[in-house]
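See structure below.
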Amino acid sequence: MTSVLAIDQGTTSSRAIIYDAALNTLGVGQHPFEQHYPKPGWVEHDPEEIWQTTLRAIEDALRAAGIGGQQLAAIGITNQRETVVAWHKDSGKSFGNAIVWQDRRTSPICQQLKSQGLEPTVTEKTGLVLDPYFSASKIQWILENNTDARQAANEDKLLVGTIDSWLVWKLTAGNDHLIEASNASRTLLLNLNAVDWDDELLSIFSIPRSVLPTIVDSSGEIAEARIAPLQGVAITGVAGDQQAALFGQTCFNPGEAKCTYGTGCFLLTNVGTKPVPSNSRLLSTLAWKIGANVNYALEGSVFIGGALIQWLRDNLGIVENAAEIETLAASVADNGGVTLVPAFAGLGAPHWDAEARGTLLGITRGTTTAHIARAALEGMALQVADVIEAMRTDLSGELTTMRVDGGACVNNLLMQIQGDYSGLHIQRATNLESTALGAATLAGLGAGIWSSADALLGLWQAERTFSPSIEKEALTKVQSNWRRAIARAGAWAED
């Protein structure tokens, strides 16, 4: 048995992909689920719907592959990070919807902790910044605002975790409350050097240790499925989606970088076996932990990436499908003076402005939907370029190449703009499912299908490279307009 099931639980859908030992796709299943926006700035998912769509995706993938669950060698899991679920230890019922990583309701909690001068302590221990993006303030909010959850915590019956924790709990029929190390590093509760929960951080956020899961490795013997159709199959690989993509892109050496263009855009660079503190407000995060070997990364998180294309399609209705954006944007020579800052959920790295909001500037009577479409692609690329510039500042080595994956990177115009605005050679992988590949390869390593990470290097191939071609004068003008637009978008919602 050499087939591996990769569960890829994302922000908008749950997928399952079955691979063979050569990483050929044998079967795929995918089901979307509903996004809930109960209040401005709030984003929620139904945990049970996440589980049911995951289960249906698994069944579809097995059916498409023509195999039964017992023929799988291992299960790998990758997931949307920072999203928090709280549930009852006995009943397994969740205490309300999951609070999604995009949710901004806990901004007052983070601002209060900043006013108390606690951010330097938090950053030193976790490599992160005080922002609603991360899990700890979400857990604190649940404990303060959900009476049933607080009562369960008092009775030692409350369990909380990120989506990997929820899926492992469900897959093991409630036997294992676990969290993988890279996911734990996104909670603001993990000491990055010790790779363990930190008592001072737990105290800062008023979170009892008893509600938290046990931290486990990214690859190895993690748990065993106890539900049909996967009864008895080992779970041997787990990682947060962006760390999984870094692994799936075979960025195993320091200085190797990838960017995933999904709902958001996430740039990670492998920095080796010691965390690198950032002076540019990037995140120092755990990449993966395999036994005693721990790899770290620098990360820049852009909250709105592919979600911007969805907004153009679903909210503005200027296209009927995402693929039309490239054609529309390419129909004009430039943006016509329009700049779009997609700060719909605030600004991530390196700005970290939770109160920033989306801004569209430079509109005239001559502005068309094509100009707006092009400005949207440029806004995505410029956010990533800001992260790249910050990363260059933090790292002693110069970045020259970046591997890309995710749904939006199929847009050739976007990738060329990205190369122009970042000054990097952009390598697009032949297989764009790097997140699922990372889960599969981590699981395959844990199950002994591959003897080492080096055995995976020959399985990665570039489909196309986009090289910088813009003139310096034109780039300088774009960057100047972008900085002015960022300033206008900043702190818009603070009142």
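State in Å² the accessible area per residue of the chain; use a 1.4 Å probe, count heavy atoms of protein chains only, and round to the nearest integer.
Ligands and nucleic acids excluded, the result is 38 Å² per residue.
Rounded, prolate or oblate: which fits the stretch 285-426 when a ≥ b ≥ c are the square roots of the eigenvalues of the alpha-carbon gyration tensor, with rounded for a/c under 1.5 and prolate only if a/b beats b/c?
On the way: a/c = 1.94, a/b = 1.84, b/c = 1.05.
Judged from the Cα gyration tensor, the stretch 285-426 comes out prolate (a/c at least 1.5, a/b above b/c).
Heavy atoms of the protein only, probe of 1.4 Å, neighbouring chains included. What is the accessible area of Glu471 in Å², nearest 10?
Counting only protein heavy atoms, Glu471 exposes about 140 Å² to solvent.
Using r as the Cβ-Cβ distance of Thr393 and Glu200, and R0 as 35 Å, what FRET efficiency do you calculate, to the nearest 0.05?
Working: r = 29 Å, r/R0 = 0.83.
So, using R0 = 35 Å, E works out to roughly 0.75.
Taking amide H positions as placed in the peptide plane 1.01 Å from N, state which residues far from Gly406 in sequence (5 or more) or on other chains have amide H under 5 Å from it.
Residues meeting the amide H criterion: Tyr261, Ser434.
So if the hydrodynamic radius of the stretch 1-84 is defined as the Kirkwood radius over C-alpha pairs, what does Stokes-Einstein give as its diffusion coefficient at 10 °C and 1.306 mPa s, in µm² per second? Write out the running numbers ahead of the final one.
On the way: Rh = 13.4 Å.
D = 118 µm²/s.
Tally up the carbon and sulfur contribution to the accessible surface of the chain as a whole percent, 1.4 Å probe, everything protein left in place. Intermediate values should be presented prior to the final figure.
Values: 8730 of 18560 Å².
So the carbon and sulfur contribution to the accessible surface is 47 percent.
Taking the simple approach of a point 7 Å from Cα along Cα-to-Cβ for both Gln71 and Glu320, what is their distance in nm?
The two pseudo-label positions are separated by 3.9 nm.
Would you calculate the separation in nanometres between label points at Thr121 and Asn175, each defined as 7 Å from the Cα along the Cα-to-beta-carbon direction?
Going by the 7 Å Cα→Cβ label model, 4.1 nm.
Quick one: check the C-alpha center-to-center distance for the stretch 91-170 versus the stretch 361-421, whole angstrom.
Measuring centre to centre over Cα atoms gives 32 Å.
Each residue of the stretch 23-31 in turn: what ³J(HN,Hα) in whole Hz from Karplus with 6.51, -1.76, 1.60 and θ = phi - 60°, glycine and Pro shown as x?
Result, ordered by residue: 6, 7, 7, 9, x, 9, x, 8, 9 Hz.
If R₀ is 51 angstrom, what is the calculated FRET efficiency for the pair Thr430 and Asn146, using the beta carbon separation as r and rounding to 0.05?
0.65
What residues have an amide H closer than 5 Å to that of Ala349, excluding those fewer than 5 places away on the same chain, when H is modeled at 1.01 Å from N in the peptide plane?
Ser301
Would you be so kind as to identify all helices of the chain, as entire DSSP H runs, whose Cα atoms reach 30 Å or more along the helix's own axis and whose mean Kyte-Doolittle hydropathy is at least 0.5?
Details: long enough: 369-394 (38 Å, 0.38).
Sorted by number, there is nothing, because no helix extends far enough and scores high enough.
What order, most packed first, do the peptides 347-353, 206-212, 389-395 have when packing is the mean number of other Cβ atoms within 10 Å of each residue?
Details: 347-353: 22.1, 206-212: 16.4, 389-395: 18.3.
Descending packing order for the listed peptides: 347-353, 389-395, 206-212.
What's the percent breakdown of Cα-Cα distances in the stretch 1-152 across 5 Å bins, shortest bin first?
2, 9, 15, 16, 14, 13, 12, 9, 6, 3, 1, 0
Run the numbers on the chain and let me know its relative contact order in percent, using alpha-carbon pairs under 8 Å that are six or more apart.
15 percent
Determine the order of Tyr261, Tyr37 by accessible area, beginning with the largest, at a probe radius of 1.4 Å.
Largest accessible area first, the list is Tyr37, Tyr261.
Given the Cα-Cα distance of Ser452 and Ala491 and 0.36 nm per residue of separation, how much length would full extension add, in nm?
Result for the pair: 9.3 nm of gain on full extension.
How much length is gained if the chain between Gln111 and Asp90 is pulled fully straight, taking 0.36 nm per residue apart and subtracting their Cα-Cα distance, in nm to one decimal?
Extra length from Gln111 to Asp90 when fully extended: 4.1 nm.
For the chain, what is the mean residue ellipticity at 222 nm derived from helices alone (per DSSP H run of n ≥ 4: -39500 (n - 2.57); sum divided by total residues; nearest 500 deg cm²/dmol)?
Computed mean residue ellipticity for the chain: -10000 deg cm²/dmol.
Hey, rough spin-label estimate for Ala462 and Asn24, points 7 angstrom out along Cα→Cβ, what's it come to in nanometres?
2.7 nm
If you compute Cα Rg over 2.2 N^0.38 Å for the structure shown, which of (i) 1.46; (ii) 0.93; (iii) 1.57 do you land on?
(ii)
In whole Hz and in residue order, list the ³J(HN,Hα) couplings for the stretch 172-186 that follow from phi through the Karplus curve 6.51 cos²θ - 1.76 cosθ + 1.60, θ = phi - 60°; x for Gly and Pro.
With the stated coefficients, the stretch 172-186 comes to 9, 6, x, 8, 10, 10, 10, 9, 6, 4, 5, 5, 4, 6, 9 Hz.
Give, in nm to one decimal, the length gained when the segment between Asn154 and Asn279 is fully stretched (0.36 nm per residue of separation minus the Cα-Cα distance).
41.0 nm
Cut-off under 21 Å on the C-alpha distance; same-chain residues fewer than 8 positions from Lys125 excluded. Which lysines are left, in chain and number order?
Within the straight-line limit of under 21 Å, Lys125 reaches these lysines: Lys114, Lys138, Lys274, Lys289.
The values are calculated or read from the model by the stated rules, or taken from the named source; none is laboratory data. Computed from a predicted structure; not experimentally measured. Ideal geometry is used to build each Cβ from the backbone, glycine not excepted, and the neighbour counts take in all protein chains shown. Only protein heavy atoms, including side chains, enter the accessible area calculation; ligands, DNA and RNA are left aside. Shrake-Rupley method; radii C 1.70, N 1.55, O 1.52, S 1.80 Å.
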